[in-house]
Amino acid sequence: MQNSSPAPLLWLQNLGFSWPGQARELFFIPELKLSPAERLFLKGASGSGKTTLLNLVGGVLSPTRGEIQFLGRSFSQLSASAKDQLRADEMGFIFQLFNLLPFLTVEENILLSAQFSAERKSRATHSRSLKEEVRRLVEALGLNESDILERRADQLSVGQQQRVACARALLGRPKLLIADEPTSALDADTKEAFIQLLLSECEQSSTAVLFVSHDSSLAQHFDRKLEMADFLPDGSGGRA
Amino acid sequence: MRPLVVLAIKSLWNRRLTALLTALAVALSVVLILGVERIHQAAQSSFMGSVAQTDLVVGARTSPLQLLLFSVFRIGNPTNSISVKTWKHIDSLPEVKWTVPLSLGDSHRGYPVVATNDSYLEHLRFRQSESLSFVGGRWFEALHEVVIGAEVADQLNYSLGDKVVVSHGTGDVTFTHHDEHPFKVVGILRRTGTPVDRSLHISLEAMEALHHEEEEHPGHSHGHSHDHHHHHHDHHDHSAQKISAFLVGLESPRALLLLQRQISEYEAEPLTAVIPGRALQQLWQGLEIVHNTLRLIGALVLGVSLLAMLLVLLSTLNERRREMAILRALGASPWAVMGLLLFEALLLALSGVVLGGALLALGLVGLKPWLEAKMGLSLHFGGIASGEWMILVVILLAALVVAFLPAYQAYRRSLADGLRVSL
Ligand SMILES: Nc1ncnc2c1ncn2[C@@H]1O[C@H](COP(=O)(O)OP(=O)(O)OP(=O)(O)O)[C@@H](O)[C@H]1O
Ligand SMILES: [Mg+2]
């Protein structure tokens, strides 16, 4: 640990990744630290490797070189199932689209987080019952219809679906929220409102945010902004 | 693991029409495979039950199977008759305990009329060792008395005291009516689940008298020749000269083979002596091709139904890529994703098996009265036998094996896709 700065939640060191059969690395990250509850915006053009990087952080893909530490634990030291468990316990994911299982109700979708992680279930039920916590979350995220929890997920608008996905990702206060262009399917107004609700809820639960997008207009809401273009591997002629 | 079980069920429920059709295909193969075995076994034990404790069936020379079919099962007509003298001679042999004479060839509204004597009531056994008994009335004593089986009584609605007309020839179409002397129902037998239920029983003398009358009324010619006519026309004692066959019970089973050979080599007239169990064995062997063909069809239907399941699972893989990615993001391992598909297949096969079992049970219960009425089979369907459990387990395992392909694909894909929720 360095000096007085708090232990990072996520620490990437000399992280390189290339797809099997490709000699060239997709990106190389000399160092990236994310503190607890910090909000990081990562901008990158399409195809720059944003989703791939999030797969590495989620422990679903393994880096070609370098090290990923999350909560002080080295991914290289962890088994695949330990990484799966860590992901279930401490990370929430929101994707661009299709976050929900269409045949489940909104409530069932949100409760999936608690079902895959006893840890998150116990944190969610710390001060109230699971059902109350789900209700609180959806209301905090601006879903106010009284019957919303009983509706089937495929009966919601895209904006509503993203909020439900957000509620599921935040249930049980994970340490890290990973958002992969969650707003790119939303119109400008909804986008703004969605970001604000999401960030304020993350702040309340002290959840760090790793938000990737190609849309830099959203960067203003975040503590810090990085660009994938800064992580182009050596010798590939990155930005001048 | 538990959330995945619930998810699999809900996901299947969401696709319940496809799932139901897939399960139905499996169910049909279960019905076919188990149904064939069930009916085969029930028919075997029912046939065996009809010849219980009869050691030999003796008739004029013919094929053993034909002799057995017309004498015991009342299927088809006797070809030739044998003389009463022969029967009496064999009856008197020391190793013979009892004989039951049978004279067949007449019918009443499609039901066979059997001329016999008191030993029929005394010695005939069904289902191993049960003897005949009456629902009402008694055995025939006078010439124009008839004792009817349970099925005859039920179907034709006869009760004690009713008058019955016997016609010559078998089958529904009657050739000649012996209108002159209707028979009076004096006894109704309890149900046995054997061809006795479908029979009407009269005395040998009554049969003889019937045929006398026929010949004394030339107007009743019927162009149907039979062997009962070779007796003397000039005496009216009505004692039988010919019978169709007789059943033999032995003092000791050790004499069986020797006696069978003795009878086959009988000099006064050509005879056939059949060991019923053996002849039935031959019948089953002859039917084995049919049985195996039905088994093969069952196996093919099972194969097709499993292929249908494979298609359903494979075709859903693409649309469920997202579902897999969501589950991975929630912390499910690729193995869990694979397990989800295997479990789904197991669930499909299991519902197919349960559905098939239910359909089979319903079908057999529904078919039983018909089989009993038409075939004289008494079918006993018990619970699931151990051999059937084996078949069911094999079906489930086959479903798992088949599901391994899509499951493995899901595993590979969820490893490659990771959290990439594409399109
Ligand atoms: N499974 C794979 N095998 C090989 N190459 C892949 C695979 N998945 C993605 N790629 C490649 O990796 C590169 C980065 O893809 P990635 O999805 O991470 O980009 P992205 O920044 O998320 O793009 P977008 O903004 O369009 O989502 C792309 O060139 C893509 O073609
Ligand atoms: Mg992407």
- Query: So what are the stretch A:55-183's ellipsoid semi-axes, whole angstrom, largest first, if each one is the square root of 5 times an eigenvalue of the alpha-carbon gyration tensor?
  - Reply: 28, 17, 11
- Note on the structure: Note, A:GLU38: beta-carbon cut-off 10 Å, +1 each Lys/Arg, -1 each Asp/Glu, net +2
- Message: If I take every Cα pair under 8 Å that is 6 or more residues apart in chain B, average their sequence separation and divide by the length, what percent do I get for the relative contact order?
- Response: 27 percent
- Item | Helix-only CD estimate at 222 nm, as mean residue ellipticity for chain B, using -39500 (n - 2.57) per DSSP H run (n ≥ 4) | -18000 deg cm²/dmol
- Using modelled amide H (1.01 Å from N, peptide plane; none on Pro or chain starts), what sits under 5 Å from the amide H of A:GLY92, excluding residues fewer than 5 places away? A:LEU176, A:LEU177, A:ILE178
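If the chain between B:LEU397 and B:ALA385 were fully stretched, how many nm would it gain, using 0.36 nm times the residue separation less the Cα-Cα distance? Intermediate results must be reported in sequence, preceding the final value.
Numbers: separation 12, 0.36 × 12 = 4.32 nm, distance 1.85 nm.
Going from the current span to full extension adds 2.5 nm.
Using the Cα centre of chain B as the reference point, and only Cβ charges (+1 on K/R, -1 on D/E), how large is the resulting charge dipole? Debye, rounded to the nearest 20.
Values: 33 positive and 37 negative charges, 765 e Å.
The dipole magnitude comes to about 3680 debye.
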- Message: What's the magnitude of the charge dipole for the stretch B:1-106 around its Cα centre, counting Lys and Arg as +1 and Asp and Glu as -1 at the beta-carbon? Answer in Debye, nearest 20.
- Response: 660 debye
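DSSP H helices in chain B with Cα extent of 27 Å or more along the helix axis and mean Kyte-Doolittle hydropathy at least 0.0?
Working: long enough: B:16-50 (48 Å, 1.14); B:276-319 (63 Å, 0.97); B:334-375 (58 Å, 1.53); B:386-417 (45 Å, 1.17).
Once both thresholds are applied, what remains is B:16-50, B:276-319, B:334-375, B:386-417.
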- Note on the structure: With chain B reduced to its Cα atoms and the Debye formula applied, log10 I(q)/I(0) at q = 0.08, 0.09, 0.14 1/Å amounts to -0.60, -0.68, -1.17
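Here is the link list: A:LYS50/A:LYS225; B:LYS163/B:LYS242; B:LYS85/B:LYS242; A:LYS121/A:LYS191; A:LYS50/A:LYS191. Which ones come out longer than 18 Å on Cα distance? List each step's numbers first, then the result.
On the way: A:LYS50/A:LYS225 14 Å; B:LYS163/B:LYS242 26 Å; B:LYS85/B:LYS242 8 Å; A:LYS121/A:LYS191 29 Å; A:LYS50/A:LYS191 20 Å.
Correct reply: B:LYS163/B:LYS242; A:LYS121/A:LYS191; A:LYS50/A:LYS191.
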- Message: So if I place +1 on the C-beta of Lys and Arg and -1 on the C-beta of Asp and Glu, and nothing else carries charge, what would the dipole magnitude of the stretch B:276-379 be about its Cα centre? I want it in debye, nearest 20.
- Response: 40 debye
- Message: Rg and Dmax in Å for the stretch B:275-336, alpha carbons only: what are they?
- Response: 23.8, 74
- Any residue on another chain or 5+ positions along whose placed amide H is under 5 Å from the amide H of A:GLY66 is listed here as A:GLY16
- If the cut-off is 18 Å between C-alpha atoms, which aspartates and glutamates fall inside it for B:LYS10, apart from same-chain ones fewer than 8 positions away? A:GLU107, A:GLU108, A:GLU150, A:ASP154, B:GLU319, B:GLU323, B:GLU344
- Task: Using only the alpha carbon atoms of the stretch B:34-154, find the Kirkwood hydrodynamic radius as the inverse mean reciprocal pair distance, in angstroms to one decimal.
- Result: 16.2 Å
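So if we plug the beta-carbon distance of B:ALA52 and B:PHE404 into 1/(1 + (r/R0)^6) with R0 = 56 Å, what FRET efficiency do we get, rounded to 0.05?
Numbers: r = 50 Å, r/R0 = 0.90.
Using R0 = 56 Å, I get an efficiency of 0.65.
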- Query: If you plug each phi of the stretch B:124-133 into the Karplus form 6.51 cos²θ - 1.76 cosθ + 1.60 with θ = phi - 60°, what whole-Hz ³J(HN,Hα) values come out, in order, with x for Gly and Pro?
  - Reply: 5, 10, 9, 6, 6, 9, 7, 9, 5, 9
- Once the principal axes of the Cα atoms of chain A are found, what is the range along each, listed largest first in whole angstroms? 57, 39, 37
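Compute the signed sum of charges (Lys and Arg +1, Asp and Glu -1) over the other residues within less than 13 Å, Cβ to Cβ, of A:ALA80.
Numbers: positive: A:LYS83, A:ARG87, B:ARG328; negative: A:ASP84.
Net local charge, A:ALA80 excluded: +2.
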- Along the positive direction of the dipole of the protein assembly as shown (beta-carbon charges: Lys, Arg +1; Asp, Glu -1; about the Cα centre), which of B:GLY35, A:GLY59, B:ILE384 reaches farthest? A:GLY59
- Cα gyration tensor of the stretch B:296-386 - equivalent ellipsoid semi-axes, whole Å, descending: 42, 14, 10
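Considering just Cα atoms, how many Å³ per residue does the convex hull of the stretch A:85-137 enclose?
Numbers: hull volume 4.4 nm³, N = 53.
Cα convex hull per residue, to the nearest whole number: 83 Å³.
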- Under 5 Å from the placed amide H of B:LYS184, counting only residues 5+ away or on other chains, we find B:GLU145, B:VAL146, B:VAL164
- By a straight-distance test (C-alpha under 19 Å), which aspartates and glutamates pair with B:LYS184 as possible cross-link partners, with residues fewer than eight away in the same chain excluded? B:ASP106, B:ASP118, B:GLU141, B:GLU145, B:GLU151, B:ASP154, B:ASP162, B:ASP197, B:GLU205, B:GLU208, B:GLU213
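Would you calculate the volume per residue, in Å³, of the smallest convex hull containing every Cα atom of the protein assembly as shown?
Details: hull volume 161.4 nm³, N = 663.
So the per-residue Cα hull volume is 243 Å³.
Counting pairs of alpha carbon atoms under 8 Å apart in space and at least six apart in sequence, what relative contact order in percent does chain A give?
Details: 424 pairs, mean separation 70.0, N = 240.
Here the relative contact order equals 29 percent.
Where a number appears in this text, it was derived from the coordinates with a stated rule and is not lab data. Fair warning: this is a prediction, and the values are worked out from it, not measured in the lab. Methodologically, a virtual Cβ is constructed for each residue, glycine included, from the backbone with ideal geometry; neighbour enumeration extends over all protein chains shown.
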